[in-house]
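Let me begin by presenting the structure, written as C-alpha cells, before commenting on it.
The values are calculated or read from the model by the stated rules, or taken from the named source; none is laboratory data. Just so it is clear, the structure is predicted and the values come from calculations on it, not from any experiment. Note that we place each Cβ from the backbone using ideal geometry, even for glycine, and neighbour counts take in every protein chain shown. We work out accessible area using only protein heavy atoms, side chains counted, and drop any ligands, DNA or RNA first. Shrake-Rupley method; radii C 1.70, N 1.55, O 1.52, S 1.80 Å.
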Amino acid sequence: MDNRNLILAIVLSIAILFGFQHVYEIFYPKPDTPPTVSTEQSTSAEMPNAVGQPPAQTADALPPSVPGSVAPPAAAEAQGRTEALAAAPRVKIDTPRLHGSISLLGGRLDDLTLADFHETLDPNSPEIVLFSPRGTPEAYFAEVGWVSSTPTASVAVPVAETVWTADRDTLTPDTPVTLTWDNGAGLIFKRTIAVDNDYLFTITQQVENTGSEAVDLNAYSLVSRHGTPEISGFYILHEGPLGVLDGTLKEVDYDELQEVGSIQQATTGGWIGITDKYWLAALVPNQAKLVNSRFVGQRVGTDYKYQTDVIGGTVTVAPGATVDVQNRVFAGAKELRLLQRYEDEYGIEKLTLAIDFGWFWFLTRPLSEVLIWANGWIGNFGVAILLLTVMIKIMFFPLANKSYKAMSQMRKLQPEMVKLRERFSDDKARLNQEMMALYKREKVNPTSGCLPMLIQIPVFFALYKVLFVTIEMRHAPFFGWIQDLSAPDPTTIFNLFGLIPWSPPELLMIGAWPLIMGVTMFLQQKLNPQPPDPLQAKIFMFLPVVFTIMLARFPAGLVIYWTWNNVLSIIQQWVIMRKMGVKP
C-alpha cells in the first residue's frame with residue numbers, strides 16, 4: 001500500500017509538472033473578447049470621436065478602419081538593420097542601460113539595444129537588440145502621434161514620412177530631446193522625449209494652435225512588430241501581446257490574433273504591449289483617463305504584423321491655445337524590482353505581471369524575491385539557491401521529521417510485512433486486512449512516507465518557473481563549469497565531460513550535476529523502506545535513472561536545488577533512523 005501510494009505520488013507530481021496548464025485550459029478556456037467603448041459618433045471604423053483608433057498613414061502602423069495594412073515594398077523589407085538605420089537622420093540614445101537612436105523620419109523610437117545584456121555568455125558578444133527600424137524583416141518599434149477628429153476640415157498631422165527637427169543630437173537621462181514640426185497651417189507639434197537611467201521613456205506631446213480655427217485631436221501610442229518571432233512554445237510561459245486592462249491581466253497569443261484580427265477594450269489605467277521571455281515593450285497611458293486599447297494582427301504577404309495601441313479622448317485646441325498629453329513607454333528587461341519600483345513610483349497598475357509568474361504565483365514570486373535578496377547579500381545565485389533550500393528545509397522541518405520517523409517505523413516493520421506476505425500470498429484480501437491491523441497496532445501511517453516528495457514538488461515547480469522566466473537568472477553563474485544557472489548542465493558523460501572531442505546529440509547530454517543528483521536520489525532511496533514486492537523494488541531501483549535522464553535538460557540551478565535538497569534529506573533521515581535504533 002505504501003509503495004503504491006508513493007508511485008502514485010510520483011506519477012501525479014510529474015503530471016503536475018508537465019500537464020497542469022493543459023488541464024487548466026480544458027476546464028477554463030480563454031475568455032471572449034471584451035467589449036469596446038460605446039459609440040456616439042462613428043468614424044469609418046465605427047469608433048467614437050472620444051476614443052478612436054490610430055491613423056493609417058503608413059504601411060507599418062495598422063490603420064483604424066480595418067485590422068490590416070499594405071506591405072512595404074519588397075526591397076525595403078530586404079534592408080539590413082545597418083542600412084535601415086543609415087537611411088534617416090537620427091538622435092542618439094546614450095544611457096547607462098540603453099544604446100540606440102530615435103529616427104527623425106517619423107519621430108519613432110525604433111533603435112534600441114540593451115547595454116547590460118548580451119547574446120551569449122561572452123561579454124564581448126553583441127548587445128541584445130530590442131527595437132529595429134521599419135524596412136527591416138524584423139521591424140519592432142514604438143510610436144506616438146495624433147489623429148484628427150475635426151469633422152469639418154482636414155487637419156495635417158505628423159505621419160510616418162514627417163521629418164522632425166531636434167533641439168539636440170543625443171538623448172541622455174539628464175538631457176531630454178524635443179522634436180518639432182510645423183504643419184504650415186497653424187499647428188506646431190512638439191514631442192519632448194525623456195528617459196531615466198533604466199528603461200522608462202516619458203514622451204510629452206504638445207500642440208500649439210496659431211491659426212484661427214479650433215481643431216479636435218486624439219493622441220495615440222503604439223508598439224508595432226513585424227513578423228512572428230520564434231518563441232519557446234512552452235506552456236508555462238506566455239510570449240506575445242499582453243496588457244493589464246481595467247485591472248485584469250490579458251494575454252493574447254500570436255496565433256489567436258492571426259485568427260481574430262483585432263481585440264479591443266476600453267480601459268482606465270494599466271498598460272499594453274508585447275513581451276518576449278525576458279524583454280518587454282509596453283505603452284503606459286495616463287492611469288486616470290479612459291482610453292481605448294487594441295491588440296491587432298494582420299497577414300501581410302507570407303507573414304503577419306502585430307500591433308498594440310491605445311488612443312485617448314478628444315482634446316480641442318482653441319486658437320492661440322496649447323495642449324499637451326503625456327505617455328510613457330517601457331522598453332527593456334523585465335527585472336522584478338525595477339518593475340515594482342515603476343508600479344510604486346508612477347502608479348502603473350500591476351506592471352510586475354509582465355513577468356509570467358504563472359498560476360503558482362503565490363510560490364513563484366516569493367521564491368524570486370528571496371533569491372534576488374540572497375544574491376544581493378551573497379553575490380552568487382547558485383549559493384542563493386543553496387541557502388533557499390536550507391530555508392525551505394527549516395520551514396518544513398517538523399513535518400519532514402514526522403514523515404521520516406514514520407518511514408523508520410515502516411523499515412522496522414519490514415520483517416513482519418514479509419512474513420505476512422508469505423503467509424497470505426494466496427489471499428490478497430486477508431493480507432491487506434492483516435497489514436492494516438499491523439499498521440494500527442504499531443501506530444504507523446503508511447502514507448506519511450510520501451510527504452517529503454509531496455513537499456518538494458510545489459517548490460520544485462515554482463523554482464523551475466523562477467529559473468525559466470526571470471531575467472535575474474539569465475547567465476547567472478555558479479562555480480566551475482556552470483556559468484548559466486538558467487541553462488542545462490553543458491557537460492555530458494558521453495564525451496567524458498569534454499575529454500573526448502565530440503558533441504553528442506541533445507538526448508545524450510547528461511551532465512555531471514544530473515548524475516550527482518541521480519546518485520543522491522539513489523542513496524536516499526536506500527534509506528527508505530524497501531518494497532517487499534520484487535516488481536515494485538525494480539521500479540524503484542529504476543526511478544533515479546529516469547529522473548536523471550528527465551532532469552538532464554532542465555536548468556542547472558534546478559538540478560543543483562534538487563541535489564542539495566536530497567543531501568539535506570539524507571542527513572536528516574539518517575540522524576532520525578540512528579535515534580530510533582534503525583540501521584541505515
| request: Just one of (1) surrounded by fewer than 14 Cβ atoms within 10 Å (Cβ to Cβ); (2) closer than 19 Å to Gln483 by Cα trips up Ala374, so point out which. | output: (1)
| Every residue from the stretch 58-99 that is modelled with pLDDT of 90 or more and of a type in the set (S, T, N, Q) | Thr82, Thr95
| query | Out of all the residues in the stretch 109-144, which are touching a residue at least 24 places away in the same chain (Cβ under 8 Å), of a type in the set (A, V, I, L, M) and in a strand (DSSP E or B)? | reply | Leu109, Leu112, Leu114, Ile128, Val129, Leu130, Ala142, Val144
| field | Members of the stretch 431-475 that are modelled with pLDDT under 80, assigned to a helix (DSSP H, G or I) and among the hydroxyl-bearing types (Ser, Thr, Tyr) | value | Tyr439, Ser448
| query | Which one is farthest from Leu454 (Cα to Cα), of the residues in the stretch 393-430 that are open to solvent by less than 20 Å² (accessible area, probe 1.4 Å) and in a helix (DSSP H, G or I)? | reply | Met417
| said: Criterion first (open to solvent by 70 Å² or more (accessible area, probe 1.4 Å) and not β-branched (Val, Ile, Thr)) does Asp116 satisfy it? | reply: yes
| task | Might you check whether a residue that is within 18 Å of Ile355 (Cβ to Cβ), of a type outside the set (A, V, I, L, M) and free of Cβ contacts under 8 Å to residues at least 24 places away in the same chain occurs anywhere in the stretch 240-248? | result | yes
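Could you say whether any residue in the stretch 88-96 is basic (Lys, Arg), surrounded by 19 or more Cβ atoms within 10 Å (Cβ to Cβ), closer than 22 Å to Ala331 by Cα and touching a residue at least 24 places away in the same chain (Cβ under 8 Å)?
Checked against the condition, which is being basic (Lys, Arg), surrounded by 19 or more Cβ atoms within 10 Å (Cβ to Cβ), closer than 22 Å to Ala331 by Cα and touching a residue at least 24 places away in the same chain (Cβ under 8 Å), the stretch 88-96 yields no hits at all.
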| task | Residues being open to solvent by 30 Å² or more (accessible area, probe 1.4 Å), acidic (Asp, Glu) and either touching a strand residue (DSSP E or B) at 6+ places or on another chain (Cβ under 9 Å) or in a strand (DSSP E or B) (or both): count how many of those fall in the stretch 299-341. | result | 2
| Considering only residues of the stretch 218-257 that are part of a loop (DSSP other than H, G, I, E, B) and of a type in the set (Val, Ile, Thr), which is surrounded by the most Cβ atoms within 10 Å (Cβ to Cβ)? | Val252
| field | Subset of the stretch 342-359 (residues that are within 20 Å of Tyr278 (Cβ to Cβ), in a helix (DSSP H, G or I) and either in contact (Cβ under 8 Å) with a residue 12 or more places away in the chain or of a type in the set (Lys, Arg) (or both)) | value | Tyr342, Leu351, Thr352, Leu353, Ala354
| request: Could you tell me which residue of the stretch 145-166 is nearest to Gly100 (Cα to Cα), considering only residues that are open to solvent by 10 Å² or more (accessible area, probe 1.4 Å) and outside any loop (DSSP other than H, G, I, E, B)? | output: Ala166
| the stretch 167-183, residues that are more than 36 Å from the chain's Cα centre (by Cα) and either closer than 17 Å to Phe201 by Cα or not in a strand (DSSP E or B) (or both) | Asp167, Arg168, Asn183
| message | Going through Val260, Val296 one at a time, which residue ends up being in contact with a strand residue (DSSP E or B) (Cβ under 9 Å, 6 or more places away or on another chain), among the β-branched types (Val, Ile, Thr), open to solvent by 10 Å² or more (accessible area, probe 1.4 Å) and farther than 30 Å from Ala214 by Cα? | response | Val260
